[in-house]
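Engineer: Submitted below is the structure of interest, expressed as structure tokens.
The values are calculated or read from the model by the stated rules, or taken from the named source; none is laboratory data. Keep in mind it's a predicted model, so treat the numbers as computed, not measured. All Cβ positions, even for glycine, are placed from backbone atoms using ideal geometry, and neighbour counts span all protein chains on display.
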Amino acid sequence: MAIEEFLFSISDALLWPVLVLALVGLAWAIVETGILLAEIWKRRWRSLAGLEEAVDLAAARIVAGDQIGAISALSTVCWNRSMQDAMESIVTMRNLPDGVNRIAKSLADYDYRSMKRLERTRILVRMGPALGLMGTLIPLSPALAGLAEGNVAELTNNLRVAFGVTVVGLLTGAVAFAVSLVRDRIYAQDFSDVEYAAATLTSDALPGPIHPGTTEHAGSTTVSLGNP
């Protein structure tokens, strides 16, 4: 009996933290939805022709020895700071010793940062329903106790709390899942754009210590990194 009472005490103590976390999770999901809409709006003019034009202009600037101009050209197709850093590293590292491997590492770090960004909503996908389930089960104990004592008011109040938290948890998980799916596609396309820029700007047709075959090596390296 002592163990059962201890478990019941833990369950009762978790009621308010679970309710608060469920509300925080819902607010978090709403904020992430707003951020996603802003990200989509920033990319409304994205096009393959625009990317090719920017990369070709950057290649011409590199041939002319203008690294700053090349970075400026690529910045027109960058949609966040991480993407800007990855594009800049392609220009600045291509003439360094072992430049292809350095660029590949930079792209891997960019991919890692994108995955970290995705984790914020992927956590909510699991946490929302888990909090909803906990918020459903915890009030059932006092609700059943109220039913046994004939206290209909207590039974009703606890069931309302249980059902309310369930709805909030499922809503949080559903919104976070939708945000994660859309954001995963957006970031995969961003990474593909950076890969295209890296493959083109490390071509042996451009000046610099890029040796024959390194373009193929760079492409195979970055493709193996995967997308979030």
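Engineer: If you go through the range 88-101 one residue at a time, do you hit one that is exposed (fewer than 15 other Cβ atoms within 10 Å of the Cβ), modelled with pLDDT under 95, part of a helix (DSSP H, G or I) and not acidic (Asp, Glu)? Break it down into steps so the answer makes sense when it comes.
Structural biologist: Looking only at the range 88-101, we keep the residues that are exposed (fewer than 15 other Cβ atoms within 10 Å of the Cβ), and these are 95-98.
Filter once more, so that each one left must be modelled with pLDDT under 95: 95-98.
If we keep only those that are part of a helix (DSSP H, G or I) too, we end up with none.
No; the residues of the range 88-101 include none that is exposed (fewer than 15 other Cβ atoms within 10 Å of the Cβ), modelled with pLDDT under 95, part of a helix (DSSP H, G or I) and not acidic (Asp, Glu).
Engineer: Which ranges mark the helices (runs of 4 or more DSSP H) fully within the range 1-84 that have 1 or more residues being within 30 Å of Arg160 (Cβ to Cβ) and touching a residue at least 24 places away in the same chain (Cβ under 8 Å)?
Structural biologist: Values: elements: 2-13, 15-42, 48-63, 67-75.
Those helices (runs of 4 or more DSSP H) span 2-13, 15-42.
Engineer: Taking the condition in contact with a Phe, Trp or Tyr (Cβ under 8 Å, 6 or more places away or on another chain), in a helix (DSSP H, G or I), modelled with pLDDT under 95 and not hydrophobic (A, V, I, L, M, F, W, C), does Arg126 pass?
Structural biologist: The answer is no for Arg126.
Engineer: Might you let me know whether the range 172-187 holds any residue that is buried (at least 20 other Cβ atoms within 10 Å of the Cβ) and modelled with pLDDT under 90?
Structural biologist: Scanning the range 172-187 turns up no residue that is buried (at least 20 other Cβ atoms within 10 Å of the Cβ) and modelled with pLDDT under 90.
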